[in-house]
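Participant: Shown below is the structure under consideration.
The values are calculated or read from the model by the stated rules, or taken from the named source; none is laboratory data. Keep in mind that this is a model prediction, so the values were computed, not measured. Quick reminder, even Gly has a Cβ in these numbers, built from the backbone with ideal geometry, and neighbours come from all protein chains shown.
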Ligand code: MN
């Protein structure tokens, strides 16, 4: 079985300053994200061993770990890709048209997305494409997987766990989310959108 690996950041550790500090990106990527990669690999090893041995005493916890750590790994990967020092502004083209169609306007979408980002003690705000309903939705997720919608393909993710913002912004999570919007790489969000729409529509 192949091991999952921590992806390299698509920019330098200090590239998102002043919006996200070098220190937070180092901790977040090298420690937290690495931890989810390690947890997923460990859970998959356990499952493989248990299938071979027939001893399933640790299988249930390993299955839960795949959901938690796998979702953590995948969402963090998306989060890093969704930002760039040259980012910011608003989406353009087909993605912008679809946001307007499905949410009424960019501002209406953003207001709802920021509510998703403010909801949980620790989790994610996600813009997803719902592959069954064939529309964009916002999701408010607790931890990495509580609040999941099984048809949802995430195209934009903002991490609102405390490790994501507390060192830079203290308890002002909204200020952090506003700063993420200053570095959103809408090109990658649009690529994700185009890819999923071309598959499902
Ligand atoms: Mn995180």
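Participant: For residues in the stretch 91-118 being without any contact (Cβ under 8 Å) to a residue 12 or more places away in the chain and not in a loop (DSSP other than H, G, I, E, B), which is farthest from residue 142 (Cα to Cα)? Spell out how you get there, then give the answer.
Facilitator: To start, the set of residues in the stretch 91-118 that are without any contact (Cβ under 8 Å) to a residue 12 or more places away in the chain comprises 96-97, 100-101, 104-105, 107-108, 111.
From what is left, the residues that are not in a loop (DSSP other than H, G, I, E, B) are 96-97, 100-101, 107-108, 111.
Details: 96: 27, 97: 29, 100: 27, 101: 27, 107: 24, 108: 22, 111: 19 Å.
Ranking the candidates gives 97 first.
Participant: Same structure, new question: I'd like to verify a number: residues in the stretch 64-91 that are more than 16 Å from the ligand (Cβ to nearest atom), in contact with a helix residue (DSSP H, G or I) (Cβ under 7 Å, 6 or more places away or on another chain) and either at pLDDT below 95 or farther than 12 Å from residue 181 by Cα (or both), how many?
Facilitator: Qualifying residue count, the stretch 64-91: 2.
Each row is one residue, and each column tells you yes or no for (1) more than 13 Å from the ligand (Cβ to nearest atom); (2) in contact with a strand residue (DSSP E or B) (Cβ under 7 Å, 6 or more places away or on another chain); (3) touching a residue at least 60 places away in the same chain (Cβ under 8 Å).
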residue: 128; (1), (2), (3): yes, yes, no
residue: 134; (1), (2), (3): yes, no, yes
residue: 165; (1), (2), (3): no, no, yes
residue: 168; (1), (2), (3): yes, no, yes
residue: 183; (1), (2), (3): yes, yes, yes
residue: 188; (1), (2), (3): yes, no, yes
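Participant: Report, ordered by the first and then the second residue, all pairs with beta carbons closer than 7 Å, sequence separation of six or more or different chains, a first member in the stretch 16-45 that is within 20 Å of residue 185 (Cβ to Cβ) and within 12 Å of the ligand (Cβ to nearest atom), and a second member that is at pLDDT 95 or above and not in a helix (DSSP H, G or I).
Facilitator: 25/13; 25/16; 29/9; 33/6
Participant: Right, next: Filter the stretch 127-145 down to residues that are out of contact with any helix residue (DSSP H, G or I) (no Cβ under 7 Å at 6 or more places or on another chain) and either surrounded by 14 or more Cβ atoms within 10 Å (Cβ to Cβ) or modelled with pLDDT under 95 (or both), then give me how many there are. Give the derivation first.
Facilitator: Taking the stretch 127-145 as the starting set, the residues that turn out to be out of contact with any helix residue (DSSP H, G or I) (no Cβ under 7 Å at 6 or more places or on another chain) are 128, 130, 132-133, 137, 141-142.
If we keep only those that are either surrounded by 14 or more Cβ atoms within 10 Å (Cβ to Cβ) or modelled with pLDDT under 95 (or both) too, we end up with 128, 130, 137, 141-142.
Of the residues in the stretch 127-145, 5 are out of contact with any helix residue (DSSP H, G or I) (no Cβ under 7 Å at 6 or more places or on another chain) and either surrounded by 14 or more Cβ atoms within 10 Å (Cβ to Cβ) or modelled with pLDDT under 95 (or both).
Participant: Can I ask one more? Give me the pairs: first residue in the stretch 64-78 and within 12 Å of residue 7 (Cβ to Cβ), second residue surrounded by fewer than 18 Cβ atoms within 10 Å (Cβ to Cβ), beta-carbon distance under 8 Å, and six or more apart or on different chains, which are they?
Facilitator: Taking only residues 6 or more apart or on different chains, the pairs are 76/32; 77/7.
Participant: With respect to residue 88, is the statement that it is on the phi > 0 side of the Ramachandran plot and either part of a helix (DSSP H, G or I) or in contact (Cβ under 8 Å) with a residue 60 or more places away in the chain (or both) true?
Facilitator: It is true that residue 88 is on the phi > 0 side of the Ramachandran plot and either part of a helix (DSSP H, G or I) or in contact (Cβ under 8 Å) with a residue 60 or more places away in the chain (or both).
Participant: Given the structure, is residue 111 within 16 Å of the ligand (Cβ to nearest atom), more than 30 Å from residue 45 (Cα to Cα) and at pLDDT 95 or above?
Facilitator: no
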